[in-house]
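Each reported figure results from applying straightforward, stated rules to the coordinates on display, with no laboratory input. Treat the numbers as computed from the prediction; the structure is a model and nothing was measured. Counting neighbours? That spans all protein chains shown, and the Cβs are built from the backbone with ideal geometry, glycine included.
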């Protein structure tokens, strides 16, 4: 098994099942924004979301309360 596959399997086991892609709809937090951010896991979506917040919403920092809201808004991709 390659390291990438092994880390995926371990990640899936830690989550209690198969790893599932994640999605964040920015409009759930910022009304009027149509951005949909997808990633292989929550960490990737958080990173992409932070970049989106900086470029699209001119947020130079992400306050802890907003980061918590973003994390709560991330869903399993269907």
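When the chain is fully extended, how far beyond the present Cα-Cα distance does residue 36 get from residue 20, taking 0.36 nm per residue of separation? My answer for the length gained is 4.1 nm. In whole angstrom, the range 20-76 maps to an equivalent ellipsoid with semi-axes of 16, 12, 11, each derived as √(5λ) from the alpha carbon gyration tensor and ordered largest first. Ranked for footprinting exposure by Cβ neighbours inside 10 Å, fewest first, 24, 29 give 29, 24.
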